[in-house]
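These notes concern the structure reproduced below.
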Amino acid sequence: MTRLSRRLGIPVRHVSRAINRKLVQTVPRVINEWRIREAMNLLAETDYPVTTVMFDCGFQTKSNFNREFARITGTSPSRFLRKARENVEFAVNRVVRPCRETG
């Protein structure tokens, strides 16, 4: 965010506010949704353990990863992984709410 702000030549808070208005959610939430989508793909398509996926997707703590995963998907990472391995269709057809845009 800081680099983008510098490149645009405007304060970070203005960049953040513009993104928040356009996407109707905060920048950290948008980033976490991208990270969780990637985590879902890795869990469904690889044999990586949940902890490896968590770190690979940029989360530093298991509690934050679990909380964000559940907020976005409605289930825990371990349950998602278990279901994905039981039934590939569960993982492929699982819908994540898209980032909303206004305008």
So what does the Cα-only Debye profile of the range 8-51 read at q = 0.21, 0.28 Å⁻¹, as log10 I(q)/I(0), no solvent term?
-0.70, -0.93
Which of the peptides 66-73, 26-33, 11-18 is most tightly packed, and how do the rest follow, judged by the mean count of other Cβ atoms within 10 Å per residue?
66-73, 26-33, 11-18
What ³J(HN,Hα) values, in whole Hz, does the Karplus curve 6.51 cos²θ - 1.76 cosθ + 1.60 give for the range 29-39 when θ = phi - 60°, with x put for Gly and Pro?
5, 4, 4, 5, 5, 4, 4, 5, 4, 5, 4
Please give the FRET efficiency for T52 paired with V27, using the beta carbon to beta carbon distance and R0 = 25 Å, rounded to the nearest 0.05.
0.45
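What do you get for Rg/Rh of the range 28-93 when both radii come from the Cα atoms and Rh is the Kirkwood radius? Let's see the in-between values first.
Working: Rg = 10.7 Å, Rh = 11.5 Å.
Reported Rg/Rh (Cα atoms, Kirkwood Rh): 0.92.
Only the coordinates and a few stated rules stand behind these numbers; no lab work does. A quick note: this is a predicted structure, and the numbers were derived from the prediction, not measured. Virtual Cβ from ideal backbone geometry, glycine too; neighbours counted across all protein chains shown.
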